[in-house]
Every structure is written in C-alpha cells, then in structure tokens.
Amino acid sequence: WFVVGAEYSSTATEAQNLEALTLFFTILVMFQFWHKFNCRSLSHDESPFALLWKNRPFLVIIFSITATQIIMVQLPAVGKFFRTVPLELWQWIQVTALTSTIIPVAWFGRRLAGWLGLEKNA
C-alpha cells in the first residue's frame, strides 16, 4: 500500500518500511490534530478557528501534540525507540496538505446537516 509515495511491503528494505510506517503514523496523528479544530465548532455556521487565540488550554494541547510528533519523528535517538525515521520537509508538507483536508470536509458535512435540517438547536 502507498502512503504519500512510500510503499510498505515484504520486498522493501527495512529502511523503506520504517519510512512508510513513519508516514502512516504521522498521517494518523495529523488527521487527529486537524480534527481537534473541527471539534471546536459543531454548528454549520461556526468557524473551527473562531476565538482560537482566546482558548489557551487548546493552544497548549495543539502545540504539545505538534512538538511531540516532531520530536518522535525527527530526532534519531527518540525515533530509534519509537521505530520512526526522520521525514524530509517535502514529506511534512505533503502530510500537512493531505490531512488538513479534513477541515473543509467536516465543514461541508456540518453545512449539509444544516441545509437538511438535521442539526439540533441547543
């Protein structure tokens, strides 16, 4: 199977498989990262970024998740423990672009629920 250009297979080298697994792990974490923004607004007319800077606990959580993921992947000594390998900048850009698509997809889902009258008023 392919993950942003990396293939995990029985015929690949261990280094190639570790890269594929690292990308898969990072994609999983980054989808959850972006999903946290979506969880901030459940109404179709609210932005997931509304009043973001006034929610310090949320910002601390987001910063902590991002820093931990970068450390787990980019620092070879830590990566050896977690069986990850450093990713290149272009891979981080691809992962970020791919996973951030959850923001408009969730917005459209909330918008559709509003149009269909499925959204419950609080």
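The values are calculated or read from the model by the stated rules, or taken from the named source; none is laboratory data. A quick note: this is a predicted structure, and the numbers were derived from the prediction, not measured. Backbone-built Cβ (ideal geometry, glycine too); neighbour counts: all protein chains shown. The accessibility values were calculated without ligands, DNA or RNA, using every heavy atom of the protein model including side chains. Shrake-Rupley method; radii C 1.70, N 1.55, O 1.52, S 1.80 Å.
For the reader, a short list of remarks on this structure follows.
- Annotation: of all residues in segment 34-47 being closer than 21 Å to I93 by Cα and buried (at least 16 other Cβ atoms within 10 Å of the Cβ), the one that is modelled with the highest pLDDT is W34.
- Residue tally, condition part of a helix (DSSP H, G or I) and either free of Cβ contacts under 8 Å to residues at least 24 places away in the same chain or farther than 23 Å from T26 by Cβ (or both), over segment 93-122: 13
- Summed over segment 77-92, the residues that are surrounded by 11 or more Cβ atoms within 10 Å (Cβ to Cβ), out of contact with any Gly (no Cβ under 9 Å at 6 or more places or on another chain) and in a helix (DSSP H, G or I) give a count of 4.
- Hey, F31 in contact with a helix residue (DSSP H, G or I) (Cβ under 7 Å, 6 or more places away or on another chain), among the hydrophobic types (A, V, I, L, M, F, W, C) and open to solvent by 60 Å² or more (accessible area, probe 1.4 Å) or not: yes
- For segment 99-122, a residue qualifies if it is more than 18 Å from P48 (Cα to Cα) and either at pLDDT 85 or above or surrounded by 11 or more Cβ atoms within 10 Å (Cβ to Cβ) (or both), and exactly one does: L116.
- Matching residues in segment 48-69 - criterion: being surrounded by 14 or more Cβ atoms within 10 Å (Cβ to Cβ) and assigned to a helix (DSSP H, G or I): F58, I62, I65, Q69
- Out of L52, L21, L28, sole residue that is over 17 Å from T99 (Cβ atoms) and not basic (K, R): L52
- Tallying residues that are modelled with pLDDT under 95 and more than 15 Å from the chain's Cα centre (by Cα) within segment 61-76 yields 1.
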